[in-house]
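The values are calculated or read from the model by the stated rules, or taken from the named source; none is laboratory data. Model, not experiment: these values are computed from the prediction. No Cβ is skipped: glycine too gets one built from the backbone with ideal geometry, and neighbour counts run over all protein chains shown.
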Amino acid sequence: MKKKWAVLPLAAALLLALSGCGSKAVSSDGLVGIWKDQSGLTEYQFEPDGEMRLKALTLGSFKGTYHVEGNKITLRYHILTQEVKDTYTIKVDGDSLFLDQSKYIRRG
């Protein structure tokens with residue numbers, strides 16, 4: 001019986017340690033700036049007030065907004081008359097930004 005009770009604190013400690021694993025929330029402050037993909041075809045510019053601009057080499061430039069909640073970012077912008085809403089898992093690691101699996105490098 002004593003062995004069962006001895007395992008309980010160990011199991012609780014393990015659960016607490018594992019609950020700390022996972023995606024971290026991204027601060028909008030760390031996101032502010034210009035980010036370009038590695039091929040140079042797409043650029044995101046994030047402003048501190050939630051405004052953003054998407055530049056796509058083949059499509060043009062589009063103004064919109066962004067909202068970060070936890071490790072998700074939602075982008076809203078218009079292409080011609082159609083509203084676009086994209087949601088990505090976001091990670092900022094130094095001068096690298098990941099939107100899902102796509103990598104962008106900080107340019108300014």
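Among the residues of the range 74-99, those that are surrounded by 12 or more Cβ atoms within 10 Å (Cβ to Cβ) and over 13 Å from Gly30 (Cα atoms) comprise Thr74, Leu75, Arg76, Tyr77, Ile79, Val84, Asp86, Thr87, Tyr88, Thr89, Leu99. Beta carbons closer than 6 Å, at least 6 apart along the sequence or on distinct chains, pair a first residue in the range 51-72 that is closer than 23 Å to Gln38 by Cβ and in contact (Cβ under 8 Å) with a residue 40 or more places away in the chain with a second that is surrounded by 13 or more Cβ atoms within 10 Å (Cβ to Cβ) and hydroxyl-bearing (Ser, Thr, Tyr) for Val68/Ser28; Asn71/Thr89. Among the residues of the range 76-108, those that are in contact (Cβ under 8 Å) with a residue 24 or more places away in the chain and not basic (Lys, Arg) comprise Tyr77, Thr89, Ile90, Val92, Leu97, Leu99, Ser102, Tyr104, Ile105, Gly108. Whether any residue in the range 17-29 is surrounded by 15 or more Cβ atoms within 10 Å (Cβ to Cβ), modelled with pLDDT under 95 and closer than 18 Å to Gly94 by Cα is what I want to check. Yes; the residues of the range 17-29 include at least one that is surrounded by 15 or more Cβ atoms within 10 Å (Cβ to Cβ), modelled with pLDDT under 95 and closer than 18 Å to Gly94 by Cα.
Screening the range 57-108 for strands (runs of 3 or more DSSP E) wholly inside it with 1 or more residues that are of a type in the set (Asp, Glu) returns the ranges 60-69, 82-93. Remark: Val7 falls outside the filter, which requires a residue to be aliphatic (A, V, I, L, M), out of contact with any His (no Cβ under 9 Å at 6 or more places or on another chain) and either in a loop (DSSP other than H, G, I, E, B) or modelled with pLDDT of 95 or more (or both).
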